[in-house]
Amino acid sequence: MKVLETKLKGCFILEPTVFEDSRGYFFEAFSKRKFEELTGASSNFVQDNQSKSSYGVVRGLHQQVGEYAQAKLVRVLEGKVLDVAVDVRIDSPTYGEHLTIELSAENNRQLYIPRGFLHGFAVLSETATFFYKCDNVYNKESEDGVHPLDDTLAVDWQIPLDLIILSEKDREARPF
């Protein structure tokens, strides 16, 4: 596994070593020992989540706050998404900055997003199955979010504006 640091301290791109032959492929999707050794981050993932969405769906920008804050390890099982992490750690030198990365079933990349970040993704393929590990349980009262089309953040979701599909919750989210 190869780990790449990003411009946002604590966010890492993970690229697995894929073994392919005439039968197909194999890769280790997660190893607690390797993950902690290569990133320096601790991992105690307690919940796995999965969603399937169609082209144009933008989910996010979300986070859990307080005692239910979550770190996430995200990947795509089918299709392709543009994944987005926004640093909202008040004391961070990259506060308000975001990073984008294409995650797909073909590139097998994963993104580790520590606590203190907003997270979202846009589906760039006909459909996409998105999978992520969380290091804390979900708590509805701890939900927080920012409107994904916020002008201050200016995320390029790589989807024409008239084709973006948002949930009611995301349409009504507060500005950054």
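Annotations for the structure displayed:
- Residue in segment 145-156 that is part of a strand (DSSP E or B) and either without any contact (Cβ under 8 Å) to a residue 12 or more places away in the chain or in contact with a Cys (Cβ under 6 Å, 6 or more places away or on another chain) (or both) present: no
So that you can scan it fast, the table gives a plain yes or no per residue for (1) more than 22 Å from Val3 (Cα to Cα); (2) over 11 Å from the mean Cα position of the chain (by Cα); (3) small (Gly, Ala, Ser):
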position	(1), (2), (3)
Gln63	yes, no, no
Glu67	yes, yes, no
Val74	no, no, no
Leu82	no, no, no
Glu97	no, yes, no
Leu118	no, no, no
Leu124	yes, yes, no
Val137	yes, yes, no
Glu141	yes, yes, no
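- Options Glu102, Glu67; residue that is among the acidic types (Asp, Glu), out of contact with any Cys (no Cβ under 7 Å at 6 or more places or on another chain) and in a strand (DSSP E or B): Glu102
One line per residue, one yes/no per condition, for (1) modelled with pLDDT of 95 or more; (2) in contact with a Lys or Arg (Cβ under 7 Å, 6 or more places away or on another chain); (3) closer than 14 Å to Ser53 by Cα; (4) among the aliphatic types (A, V, I, L, M):
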| residue | (1), (2), (3), (4) |
| --- | --- |
| Phe121 | yes, yes, yes, no |
| Thr129 | yes, yes, yes, no |
| Glu143 | yes, no, no, no |
| Asp156 | yes, no, no, no |
| Leu163 | yes, no, yes, yes |
| Asp170 | yes, no, no, no |
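- For segment 1-49, filtering for residues that are in contact with a Pro (Cβ under 8 Å, 6 or more places away or on another chain) and acidic (Asp, Glu) leaves 1.
The values are calculated or read from the model by the stated rules, or taken from the named source; none is laboratory data. In this text, all values refer to a predicted model and were calculated from it rather than measured experimentally. Every residue, glycine among them, receives a Cβ derived from its backbone with ideal geometry; neighbour counts consider all protein chains shown.
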